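Just below is one structure, and these are the notes that go with it.
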Amino acid sequence: MVIVPLECVYTYWTRGEKAKEEMYMSKRSARETNTSWEEVTLWYDRLQGAEGSEYHQEVILPGIERMLRHRWKSLTDLPVLDLACGQGVVARYLAERGAKVTAIDLSPAMLKAARGYPLGEEISYIQGDVTQLREEGGVTPRYGLRAESFAAATLVLAVQNLTPLSSLWRGVHMLLQPGGVLLVVMLHPCFRVPGRSDWQWNQGDERQERVLWQYLQSQEVAIALHPGQEAQGINSPMTAHFHRPLQAYLNTLGNAGLWLDHLEEWCSHKKDEAGPKHKALAQARREFPLFLALRVGKV
């Protein structure tokens with residue numbers, strides 16, 4: 001992992017976030033940091049498969065279904081927009097439960113992989129940039145989408161690879177029906193800060209601790225998409241991870257007319273092998289959530 005220094009370090013506040021974001025984007029435009037996973041589609045598709053990783057199967061997908069069913073007892077015929085869908089794990093899961101799914105991603109290779117799985121013809125896959133869902137001027141949607149046509153939208157394990165937030169949220173707001181909801185699932189920004197957080201064993205107290213040495217400062221981190229290559233000394237394609245404090249998400253969502261309806265923090269399902277540290281490691285897994293899930297409603 002390589003830390004990319006920012007020429008402009010910014011923090012979002014309730015007002016004025018648009019100007020700060022535009023300044024940040026103008027500073028980084030010369031670098032043109034890659035945010036597409038196009039180059040590692042084959043590797044990523046093999047890793048995820050049809051049903052997703054064990055984190056998807058054990059934690060994320062059941063959590064998404066539970067949070068949607070808080071609002072709708074049945075997902076049958078529910079119009080859902082899956083944002084930054086990748087090779088379609090979330091889209092397939094929801095379609096299998098009867099939802100009418102439209103899924104959008106920037107990568108043609110990811111979409112080709114998605115269409116090759118079951119339900120590939122039943123899910124409407126669209127190539128497009130989810131941060132640019134509105135035509136210039138912000139009056140009409142892009143990509144043939146219709147305003148107020150979705151009851152729900154999902155954005156799963158992708159928001160920290162996306163920028164800017166403001167245009168993303170405003171596009172979603174335009175596409176959601178009145179009373180519609182957006183589910184955002186991300187690595188927990190309060191505990192998982194790439195290059196700025198880690199696990200630490202406290203020998204004296206025999207305690208597993210989560211340590212952070214930076215949180216409020218927003219930053220761009222360059223991450224190897226194929227860590228196995230990096231370990232072998234082979235250059236890997238890189239993507240950008242955008243760490244932001246929690247206030248950045250809540251305030252920009254609010255500014256776009258999306259209010260926080262429900263929040264959940266999901267811990268890892270994994271179990272450690274028996275040993276002298278087993279109890280402490282298990283306690284740490286239960287206390288420091290791996291994922292943050294936000295359900296926001298359209299005002």
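The values are calculated or read from the model by the stated rules, or taken from the named source; none is laboratory data. If you're wondering where the values come from, they're calculated on a predicted model, not measured in any experiment. Heads up, the Cβs are rebuilt from the backbone with ideal geometry, glycines too, and the neighbour counts pull from every protein chain shown. What goes into the accessible areas is simple: the full protein's heavy atoms, side chains included, and nothing from ligands, DNA or RNA. Shrake-Rupley method; radii C 1.70, N 1.55, O 1.52, S 1.80 Å.
General observations
- Derived scalar couplings ³J(HN,Hα) [segment 281-294; Karplus, 6.51 cos²θ - 1.76 cosθ + 1.60; whole Hz; x for Gly, Pro]: 5, 5, 4, 5, 4, 6, 9, 10, x, 8, 10, 10, 10, 10
- 17 Å reach of a label modelled at residue 43, 7 Å along Cα-to-Cβ, counting backbone N of segment 101-132: 109-110
- Close amide H partners of residue 262, meaning residues 5 or more places away or on another chain with modelled amide H under 5 Å apart, are 295.
- The calculated FRET efficiency for residue 261 paired with residue 53, based on their beta-carbon distance and R0 = 22 Å, is about 0.25.
- Between residue 69 and residue 273, full extension at 0.36 nm per residue minus the direct alpha carbon distance yields a gain of 70.0 nm.
- Rg/Rh ratio calculated on Cα atoms of segment 99-165 (Kirkwood radius): 0.96
- Between residue 235 and residue 76, the contour length at 0.36 nm per residue exceeds the alpha carbon distance by 52.7 nm.
- Charged side chains reduced to their Cβ positions (Lys and Arg at +1, Asp and Glu at -1) give segment 233-275 a dipole of some 180 debye around its Cα centre.
- Note that segment 89-102 has calculated 3J(HN,Hα) couplings of 4, 5, 4, 5, 4, 6, 5, 4, 9, x, 5, 8, 9, 10 Hz, one per residue in order, obtained from phi through the Karplus relation 6.51 cos²θ - 1.76 cosθ + 1.60 (θ = phi - 60°); glycine and proline are x.
- Protein accessible area in segment 149-189, 1.4 Å probe - carbon and sulfur %: 64
- Packing-based ranking, highest mean first, of 133-146, 238-251 given that Cβ atoms within 10 Å are counted: 238-251, 133-146
- Computed from backbone phi, the HN-Hα couplings of segment 247-259 come to 4, 4, 6, 5, 6, 6, 4, x, 5, 8, x, 10, 9 Hz, rounded to whole numbers (Karplus: 6.51 cos²θ - 1.76 cosθ + 1.60, θ = phi - 60°; Gly and Pro given as x).
- Projected-area mean, segment 117-214, by convex hull of Cα positions, square nanometres: 10.2
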